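In what follows, a single structure is set out as C-alpha cells and then discussed.
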Amino acid sequence: MYKEMSVDWEKYREIFPDRYMKPSVFDRVFNKMVQIRSSVEGRRLRILDIGGGLCGNVFQPLGDYHLLDTGISKDEKDTIRVSWDNVSSLVYDFIRMRGSIAYLDEDELSIVASILGPRTVVAFNTFRSFGDPLKIREYSSKSGGGREIVEANFKKGVIKHILDPDGVEGVFVSYFYNRTIEEYFGLLDPYRRCSIVQGWKPPNSVWITMGRGHSVSDLGL
C-alpha cells in the first residue's frame, strides 16, 4: 500500500506528465486572440488566469496578468495575485482556464460567470468524455516518469487522479469533477448571454472559447 500525498502545486511542473505541461494548440490560439485584440483596440488588456500556476507571464507586453490559484503562495514578477474574495470587483478582457476548470466547484464557477463582462472572452479545456472508470498509463515528466492512474466515481461525479512516480515511496493524489460540456455552459452562462461558442475537439479532450459582444473575426479565428 502506497502512502498518499497531496500534490504540491508549486512543484507540479516537475512531477506532472509532460502531456499536460507542453504548449498546445489551446495556448497558440488563445495567445493569438489576445495579440489581435490588443492590436485592434490599441490598449493594454486585463487577463485572468485561473489555476495557471507558476508559469511565467507571456502576456506582460500586451496587458496586466492576474493569477487566481489557491495552490500557489509564491509571487511572480509582473503577476498580480487575486483571490476568490476580490476577483469579482474587476472586469476582465480574457479569462483563461487551461486544465483547471474541472477543479472548480459550483460556487467558484458561479463567480467566474458573474465576472463575464459585456466583452469578456473565457477559454477553457477539459476531457471530451471519460469512458472507462479506471485508466492506467505510463508517463514522462521533468523529474523522470512513472504511472498515471485515473479512477472515476460516476455516481458522485468525481475523478481521483493518482501519480505514481518512479523511485518515490508514495503517490500524489488530487481530485476533480466529472462534468459534461453542457453542464459547463449552464454554470458559466446560465442566462445564455454569450454571443459565440467555438469548440475544438482533439481525440481525447475538448476546448471551448465563449464570449460576449464579439464576432468570430474579432477573435482571430
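The values are calculated or read from the model by the stated rules, or taken from the named source; none is laboratory data. No experiment lies behind these values; they were computed from the predicted model shown. Don't worry about glycine lacking a Cβ; one is built from the backbone with ideal geometry, like all the others, and counts go over all protein chains shown. Note: accessible area is taken over every heavy atom of the protein model, side chains too, but ligands, DNA and RNA are not part of it. Shrake-Rupley method; radii C 1.70, N 1.55, O 1.52, S 1.80 Å.
In table form, for the structure just shown:
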| read-out | value |
| --- | --- |
| q = 0.21 Å⁻¹, the range 101-221: log10 I(q)/I(0) [Debye, one scatterer per Cα] | -1.17 |
| Cross-link pairs LYS11/LYS155; LYS3/LYS77; LYS32/LYS77; LYS77/LYS156 - those with Cα-Cα distance over 29 Å | LYS11/LYS155; LYS3/LYS77; LYS77/LYS156 |
| Estimated FRET transfer efficiency (SER174, VAL91; beta-carbon r; R0 45 Å; 0.05) | 0.90 |
| Using θ = phi - 60° and Karplus 6.51 cos²θ - 1.76 cosθ + 1.60, couplings along the range 64-72 (whole Hz; Gly, Pro as x) | 8, 9, 10, 10, 10, 8, 6, x, 10 |
| Tail fraction, Cα-Cα pairs, the range 15-96, threshold 23 Å, whole percent | 22 |
| At R0 = 45 Å, FRET efficiency that the Cβ-Cβ distance of TRP200 and LYS3 yields, to 0.05 | 0.70 |
| Most fluctuating residue given options TYR92, TYR184, TYR20, as computed from a GNM of the chain linking Cα atoms under 10 Å | TYR20 |
| Positive dipole terminus of the chain, leading residue within LEU90, TYR12, ILE72 (C-beta point charges) | LEU90 |
| Given charges at Cβ of Lys, Arg, Asp, Glu: the range 52-161 dipole, positive-most of ALA102, PHE154, PRO61 | PHE154 |
| Distant-in-sequence amide H partners of VAL158 (H built 1.01 Å from N, under 5 Å) | ASN153, ASN178 |
| Pairwise label distance in nanometres, SER140 with SER83, each label 7 Å out on the Cα-Cβ vector | 4.1 |
| The range 1-130 - charge dipole about Cα centre, Lys and Arg +1 at Cβ, Asp and Glu -1, debye rounded to 20 | 660 |
| Accessible carbon and sulfur surface of the chain relative to its total accessible area, %, 1.4 Å | 51 |
| Modelled FRET efficiency - R0 30 Å, GLU76 with LYS32, Cβ distances, 0.05 increments | 0.80 |
